Each structure stands twice: as C-alpha cells, then as structure tokens.
Amino acid sequence: MEQVLTVVCKLNPTPKQSEEIELVLKAFADACNHANQQVKPQITSKTTIQNMVYKDLRALFGLSANLAVRACARVGANRKTAKQKDQQVLTFKPTSADYDARIFSFREKDWTVSLTLMNGREHIKIDAGNYQRGKLKGGKPTSAQLCKHRDGNYYIHIQIKEVATALIKSNNVIGVDFGRRDIAVTSNGDKWDGQQINDVRDKFFRVRSSLQKKATKGTRSTRRRARKILQRLSGSERRFQQWLNHKISKSIIQDALKIDAVVAIENLTGIRERTNQQPRNKTERRRSNSWSFYQLRSFLEYKGIQFGVEVIAVPPAYTSQTCHCCLHIGLRSDKRFKCGNCGWSGDADLNGAKNIAALGAAFVNQPGGTNRLYCNLSTDSSGLLKA
Ligand SMILES: [Zn+2]
C-alpha cells in the first residue's frame, strides 16, 4: 500500500524571485478563473476543460504549457469536490499554483527546488528542518504546490509517495473511544483527559469571547486590534489542537505496535449529535463540538499505514450504553457507568473503549475480513491529511 505525504517547506526566494512568484500565482489564479467562467459549470473533466481553453490560457496569461495544463486540472478537481458538496466553484485566489514533474524538481545537494515561473526556471532555496530532511532524503518527488500562506511567506508543499509497511496481522485489538468528556480513552485504560487540556481550551475560549466583544463594540482602533489578535489566536488554537492530535495518535499507534494490535475506532459519522445528547451542560458541548475528531482519526489512519498498524472503524451503536462484561444495557450517569446485571461499574468512556475493542475483535476474526474499512486519504489546501 502506498500513501501520499505532504512535506511543507518554507521558500527563501530572492526579492527578484518573489516578484516572479507573485506573477505566477496571479497568472495561475487568473487562468483558473478564466477557465471557470468560460467552461460550462457542469463540466468537471480536466481533459475537456483543457481542450476548450488551453490555448486561451497560454495566450492570455502567459503560462507555460504545463502550468496551463495544471490550471485546467485544478478547475476540474475543485469542481468535482464542490459538486460532492452540492456547491459551485466561485473564484480562485492568487495563493497557490500546482506543479508536476515537468515544471518542478527537488535537488538534495543544495536543498533547492526548481520551479518554472513566468520567465523560465528558477532555483529557490528551501528551509528544511530535520523532519523535512528525513522525509525528502533520497526522494524524487514528482509533484508540488507553490503556496503563499497567510503569514505572507511562500511555501512549497511537496508530495512524497511512501510505501507503507506491511500490515501486522493480529487478533489483539485496542479500542479507542472519542470525546464524550475526555478526548480519547483506550481499552487499555490510557486516556487524554480533559482537565489540563480543557483548561488550555477554556482559556482560548474566554480570551476569544472577550475579544469578539471588543471587535464589535470598541472604538475603531480597538476593533482593529482585537481582530488582529483574534486572527493570531485562531492559529495558535489550531496548532495546539493539531499538536495534541499528533501526540495522541502517535502514542496509540506505538502502543499498538508494542503488542501487535489492531486499533479499533468508532465510525465518526454523527459524533456531534451523539456527544451532544443530554444531560450535558453548555461548556461540555462546546468542548466536544470544537474538537477536531476527524483530524485525530485521520492522523491515526495515516500513522497506522506508516507503521503497519491496521486501523478499523466499527459502527458506534450502543458502545456507550452496553456493559462490556455481560453485554446488557447499563446505566450511564455522567462519567460513570453501572451495570445492573453483572454489577460492573467504572469509567463510562473506558467501558465504551472496551466495547469498541470487542467489536473490532469481531471484525478482525471474521473470515476474509471483508468488513475491514479503509479510508481514502487526501490532502487539503494546507497540506494536512484529511479523511
Ligand atoms: Zn454487566
């Protein structure tokens, strides 16, 4: 099995190269917008789009042959995604351009990438930390995206194909329960609870609400300052969440590796509705609603593929109400679970995680294993893997 990983590196262009990059981003977006306006909205095939507007794109916007091809492909791809969501592609912003092997290459000896810009090829130095160097070493990446981030700097998102380790076959299962009160609880009893994490998140929330007030009610300059801080804050909160999701998923996958286990998680469809069931107070609903479980799940999945740990999704019905010892419906009050049949009582999320593990084991042991679920991984514009 193969998976695509995106490595993001900051570019260090000369002032002259920065100007060229701006021009390419502008021309690429203009070309996409032109194609989007000229070609009937229901057409999503990149080949059809290319047949209709390729010549225009080259003539009107001065794009190189392959950039024009990539622009057509971008319009097609965005239209397909929009169609799935019942939306239409409106405009393209001059913040990114796609590159393939003909117009992009990576050179390890001096850590540069070469990109075709408006006036030919340019070698641009990249900043690569240990992580990026480790991933890029010896690699021959064949596609990339040139991006301008919100910080105003230019980045290159390089796609690397990794061959995944063969999956370990095993009957051990670690069940993971997501997000009622704690972010994650495993059937081994590990948990990422709430207190410390919630403290950090509540602080973000308090600061945010107070700033939001200021951003609408204060004087003009206060409003402007408040908006600025809010923007910065949204970044640091997102990074905190991402950092923690990485940490949680890494730890779970490593535990699974140690005991050759499969990881079972709940199928997340409808997690918001389920975790929102009464009785829960407003604060708790806010906490679980604002956590990115989809991100956590996709991190688990791609780390699983990397290390050869299988991640399976089981249907979530009853995992929180059933007693894991005797399978009777028990009583759940707040954080405790109590079984009226066998008398087991304990942490409700641990009970849930054990049920998920049991369901997972049932799947794993099924002959043929046809119920094993895999998720297609794709990347979003920021280069994050998403399920
Ligand atoms: Zn019981």
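Could you name the aspartates and glutamates whose alpha carbon sits less than 17 Å from that of residue 16, not counting residues in the same chain fewer than 8 places away?
122
Which lysines, on any chain, are close to residue 228 with Cα under 27 Å apart, when same-chain ones fewer than 8 places away are left out?
Hits, sequence-local ones excluded: 10, 26, 93, 148, 203, 213, 214, 217.
Roughly how many whole Å is it from the C-alpha centroid of region 1-25 to that of region 320-344?
Value for the Cα centre distance between the two parts: 54 Å.
Shape of region 112-243 from its Cα gyration tensor (a ≥ b ≥ c, root eigenvalues): rounded if a/c is under 1.5, otherwise prolate when a/b > b/c, or oblate?
Here region 112-243 falls in the oblate category.
With r as the distance between the Cβ atoms of residue 251 and residue 318 and R0 = 25 Å, compute the FRET efficiency 1/(1 + (r/R0)^6) and round to 0.05.
0.40
Say each of residue 362 and residue 306 gets a label point 7 Å from the Cα, pointing the same way as Cα to Cβ; how far apart are those two points in nm?
About 3.3 nm, to one decimal.
What is the magnitude of the charge dipole of region 92-131 about its Cα centre, with +1 placed on the Cβ of each Lys and Arg, -1 on the Cβ of each Asp and Glu, and no other charges, expressed in debye to the nearest 20?
Dipole of region 92-131, to the nearest 20 debye: 80 debye.
With a cut-off of 17 Å, note down the residues of region 208-230 whose backbone N falls inside the zone around a label point 7 Å from the Cα of residue 236 toward its beta carbon.
In region 208-230, the label zone of residue 236 (backbone N under 17 Å from the point 7 Å along Cα→Cβ) covers 208-212, 225-230.
Can you figure out the FRET efficiency of residue 40 with residue 19, using R₀ = 35 Å and their beta-carbon distance, to the nearest 0.05?
0.50
Length gain on complete extension for the stretch residue 123 to residue 82, per 0.36 nm per residue less the alpha carbon to alpha carbon distance?
11.3 nm
For region 55-186, what does the relative contact order come out to in percent, with C-alpha contacts under 8 Å and a separation of six or more?
17 percent.
Quick one: 99, 294, fewest Cβ neighbours within 10 Å first, how do they rank?
Lowest count first: 294, 99.
Between residue 101 and residue 193, with labels modelled 7 Å along Cα→Cβ, what's the label distance in nm to one decimal, could you check?
Simple spin-label model gives 5.3 nm for this pair.
Longer than 30 Å from Cα to Cα, which of 83/335; 80/191; 55/80 are they? Say none if no pair is.
Those over the limit are 83/335; 80/191.
Laboratory data are not the source of any read-out in this text; all were calculated from the coordinates shown. Owing to the predicted nature of the structure, the values given are computational and were not obtained by experimental measurement. Every residue, glycine as well, gets a Cβ built from its backbone with ideal geometry; the counts of neighbours run over all protein chains shown.
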